[in-house]
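*Asks:* Dropping a structure here in structure tokens format, bear with me for questions.
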Amino acid sequence: MLGFLLLAVILIAADIYFETHFPKVETVNLQSDKLQPGQTIRILQISDVHGRVFGNNNEDFLQMIREQNADIIALTGDLIDDSTPDVRPMWQFAEELKKINPHVYYISGNHEWRRQDREAFWAGLEERGIHMLNNANTQIKKDDLVWNLVGVDDPSTMHDDVHTAFQGVDNKQNYTVLLAHAPDLIFHHQALPTDLMLSGHTHGGQIRLPFVGALAAPGQGFFPAYDKGLFQLENNATLYLDSGVGTSIWPIRFLNRSQITLLTIEGA
């Protein structure tokens, strides 16, 4: 009996180490009649890195990102942790992302807002060519396809301004993607004028149980309704919650492997 328990502990510890230190690529495929048949939008979402560096200067991680051949890269907040001692590795990571894809967009998370040096960190990202999209929007053009990309500042710390973010956005004709670090935004704005909302923040609970899912998530408490994956919202909008790359508080993941997500939207 003791041997069985010891084996179980070893296997669980090995699984936790693997899931925490070796990220995967999750793929999500969606359709929209706002795109013509044959048109596609490919978004690589990277969320909640929390200052983590994988292996030798992220070499394998960056190669994984490079292989996705995305139209844009969306950094959906908490690139650093509130206690990350040195932000320079994340500046270097941003530089490498920019080399892979010139279209890298960033929105803030709650951990950045907790830091006294947040303005300096954001300035460093801008100096490296990262497009800051906090309470702002832009249009992405790909051949004959034009679509909207909107970003709000972190909702969990109440820095979001939906009205300003969507100013001038035509969602009736053009496909619209909203970046918001925390899903908290939908608790105050159910009928958001977007087709797709990309968020993180929950880490998928970090620790999940079979048939139960996440045990807890920030802002939602125990057994959260919105933990990870796809959810349907009002106005035919879809929420995708990425469980993220890094960890916070507890440096472990269980039944919830570290991940980035490649989302592909195709014409219906």
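The values are calculated or read from the model by the stated rules, or taken from the named source; none is laboratory data. All values reported here derive from a predicted model rather than from experimental measurement. FYI the Cβ positions are ideal-geometry reconstructions off the backbone, even for glycines, and counts take in every protein chain you see.
*Asks:* Taking the stretch 214-263 as the region of interest, how many residues are of a type in the set (G, A, S) and part of a loop (DSSP other than H, G, I, E, B)?
*Replies:* Within the stretch 214-263, residues that are of a type in the set (G, A, S) and part of a loop (DSSP other than H, G, I, E, B) number 7.
*Asks:* For the condition among the small types (G, A, S), part of a helix (DSSP H, G or I) and over 19 Å from W122 (Cβ atoms), what is the one hit in A94, A8?
*Replies:* The conditions single out A8.
*Asks:* Quick one: how many residues across the stretch 110-151 are farther than 21 Å from M90 by Cα, within 21 Å of the chain's Cα centre (by Cα) and in a loop (DSSP other than H, G, I, E, B)?
*Replies:* Residues meeting the conditions: 1.
*Asks:* Say we look at the stretch 185-198 and pick out the residues that are in a loop (DSSP other than H, G, I, E, B) and over 17 Å from E266 (Cβ atoms); which of these is nearest to the chain's Cα centre (by Cα)?
*Replies:* Going through the qualifying residues, I end up with T194.
*Asks:* Quickly run through the stretch 251-265 and pick out the residues that are of a type in the set (A, V, I, L, M, F, W, C) and within 13 Å of H203 (Cα to Cα).
*Replies:* I252, F254, L255, I260
*Asks:* Another question, then. Do we find a residue being exposed (fewer than 15 other Cβ atoms within 10 Å of the Cβ), touching a strand residue (DSSP E or B) at 6+ places or on another chain (Cβ under 6 Å), without any contact (Cβ under 8 Å) to a residue 40 or more places away in the chain and not in a loop (DSSP other than H, G, I, E, B) anywhere in the stretch 161-184?
*Replies:* Within the stretch 161-184 (the criterion being exposed (fewer than 15 other Cβ atoms within 10 Å of the Cβ), touching a strand residue (DSSP E or B) at 6+ places or on another chain (Cβ under 6 Å), without any contact (Cβ under 8 Å) to a residue 40 or more places away in the chain and not in a loop (DSSP other than H, G, I, E, B)), the answer is no, since none of the residues qualifies.
*Asks:* For the stretch 199-212, which positions are in a loop (DSSP other than H, G, I, E, B) and crowded, with 20+ Cβ neighbours inside 10 Å?
*Replies:* Matches in the stretch 199-212: G200, H201, T202, Q206.
*Asks:* Let me ask something else about it. With (1) surrounded by fewer than 18 Cβ atoms within 10 Å (Cβ to Cβ); (2) under 20 Å from Y17 (Cα atoms); (3) at pLDDT 95 or above as the list, and L215 as the residue in question, which single condition is left unmet?
*Replies:* (3)
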